[in-house]
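Shown below is the structure under consideration.
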């Protein structure tokens, strides 16, 4: 196991991190052929001469993939280039049947964007160098550990799946910032419908370029690339380990080698994989079978017009329009379905902050208990909105709403129907409440005397007795006021 620097030694250095994020586009078919992209098919069943790289097969660019890539680029505040060029990136792996990857090199789809992140109460912009399109390789599955019984299986179903690669500037300085960057990136892609970003299925993958330098130094250190980080937790752990490793190398008089490393989560360490390739090693040249991609202003305008409101804009609007706290707005915009559900609840006309509390509290607990996503909620947004509105109108109190809520989930009925059927409407008539209060006063002379002699806290007991007598249908504030008036 390699030596790692201690936190006090690491504090002398500044990490410099850049991320390369691969996002699988949510198209029905591959980028250059008509094979389906669905996950989980039998190995090597979703293939054809084009994605197998057979002689004479010619690629045809998928228009939907281009439009999804444009949406992603615009959402990342990038300039979409009117002309971009596909190139052949030559390297040889068992799961790359053509012997090259069709990618973009010196003329990418889009450039010069940014992602705004929020870490420890501060906002920072992380630059996006470029967004380019490419096709994915296949997948190698390694089985066995001893050389005598070790096998590698190749599944080419993924070969030719459309990807965008989003390359950041080396602006990230901590593993927390890297985590926040990837989180924001994932959220934006999911809002757009550009990708499901399911990391377990390989729809979102991340490589990190990491170097360290003494604080105050201008020159970057030598970077190492950590490949194939397939979870947010592993990204953070791998970066923390690699930073500590590189600092230890420098502190012990060594030098960091430019190389590609893999992260082993079981051992919590990065392991050398191979020396790092440079661009010339790939022998890029323009793809001769694909014409340059030209994107007109009119085409880009059509793509822009159908884009949904993005998370940052929606968070801001929730705070300004609904009076929500910043934290609540973040929770409610975590996913597009969640934010749309909340807006429908609020549209029923009840108090928006109460609506937010119901969505984040009781509804979230119900969904967790039943193992459902909000899209499959047993209570529709419109009906939850009706419940909030009944409270707002004073027709039910909080306790009655809590009684009605699970019955809505069980029966599918609207809250007013349940309220009337089970006699759960709040008692608002002061005449009826007065009778209940008179009975409570008559039945509890000792507590009444204590209250009159100055023991103010006894009022809570008397309110409780009145609420019990009313089966929870009285408004506690009204009961408290009337009790005090009578006493």
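Consider residue 205 carefully, then state whether it is modelled with pLDDT under 95 and either touching a strand residue (DSSP E or B) at 6+ places or on another chain (Cβ under 9 Å) or over 30 Å from residue 253 (Cβ atoms) (or both). Steps first, please.
Details: modelled with pLDDT under 95: yes; either touching a strand residue (DSSP E or B) at 6+ places or on another chain (Cβ under 9 Å) or over 30 Å from residue 253 (Cβ atoms) (or both): yes.
Criteria met by residue 205.
Okay, next question. On the given criteria, is residue 152 free of Cβ contacts under 8 Å to residues at least 60 places away in the same chain and surrounded by fewer than 23 Cβ atoms within 10 Å (Cβ to Cβ)?
Numbers: free of Cβ contacts under 8 Å to residues at least 60 places away in the same chain: yes; surrounded by fewer than 23 Cβ atoms within 10 Å (Cβ to Cβ): yes.
Against the criterion (free of Cβ contacts under 8 Å to residues at least 60 places away in the same chain and surrounded by fewer than 23 Cβ atoms within 10 Å (Cβ to Cβ)), residue 152 qualifies.
Also, I was wondering about something else. One residue is enough: does segment 56-65 have a residue meeting the conditions buried (at least 21 other Cβ atoms within 10 Å of the Cβ) and assigned to a helix (DSSP H, G or I)? Explain how you work it out, then say what you get.
Taking segment 56-65 first, the residues buried (at least 21 other Cβ atoms within 10 Å of the Cβ) are 62, 65.
Add one more test, that the residue is assigned to a helix (DSSP H, G or I), and what stays is 65.
Taking every residue of segment 56-65 in turn, at least one turns out to be buried (at least 21 other Cβ atoms within 10 Å of the Cβ) and assigned to a helix (DSSP H, G or I).
Yes or no: segment 94-117 includes at least one residue that is in contact (Cβ under 8 Å) with a residue 40 or more places away in the chain, touching a helix residue (DSSP H, G or I) at 6+ places or on another chain (Cβ under 7 Å) and under 25 Å from residue 139 (Cα atoms).
The answer is no, given that none of the residues of segment 94-117 is in contact (Cβ under 8 Å) with a residue 40 or more places away in the chain, touching a helix residue (DSSP H, G or I) at 6+ places or on another chain (Cβ under 7 Å) and under 25 Å from residue 139 (Cα atoms).
Is it the case that some residue within segment 166-179 is farther than 27 Å from residue 210 by Cα and either at pLDDT 95 or above or part of a helix (DSSP H, G or I) (or both)?
Just the residues of segment 166-179 that are farther than 27 Å from residue 210 by Cα, to begin with: none.
Within segment 166-179, not a single residue is farther than 27 Å from residue 210 by Cα and either at pLDDT 95 or above or part of a helix (DSSP H, G or I) (or both).
For every residue, the table says whether it meets (1) surrounded by 15 or more Cβ atoms within 10 Å (Cβ to Cβ); (2) assigned to a strand (DSSP E or B).
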| position | (1), (2) |
| --- | --- |
| 22 | yes, yes |
| 26 | yes, no |
| 32 | yes, no |
| 42 | no, no |
| 46 | yes, no |
| 49 | no, no |
| 67 | yes, no |
| 70 | yes, no |
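Considering 108, 49, which residue is farther than 22 Å from residue 204 by Cα and either in contact with a strand residue (DSSP E or B) (Cβ under 7 Å, 6 or more places away or on another chain) or modelled with pLDDT of 95 or more (or both)?
On the way: 108 fails: farther than 22 Å from residue 204 by Cα.
When all the criteria are applied, what remains is 49.
To keep it simple, each residue is scored yes or no on (1) assigned by TED's automatic domain parsing to the domain that holds residue 122; (2) under 24 Å from residue 308 (Cβ atoms); (3) over 14 Å from the mean Cα position of the chain (by Cα).
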position: 167; (1), (2), (3): yes, no, yes
position: 173; (1), (2), (3): yes, no, yes
position: 180; (1), (2), (3): yes, yes, no
position: 188; (1), (2), (3): yes, yes, no
position: 192; (1), (2), (3): yes, yes, no
position: 198; (1), (2), (3): yes, yes, no
position: 201; (1), (2), (3): yes, yes, yes
position: 207; (1), (2), (3): yes, no, yes
position: 211; (1), (2), (3): yes, no, yes
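The values are calculated or read from the model by the stated rules, or taken from the named source; none is laboratory data. In this text the structure is predicted, and so the values were computed from the model without any measurement. Because the Cβ atoms are built from the backbone with ideal geometry, glycine has one as well, and the counts that use them run over all protein chains shown.
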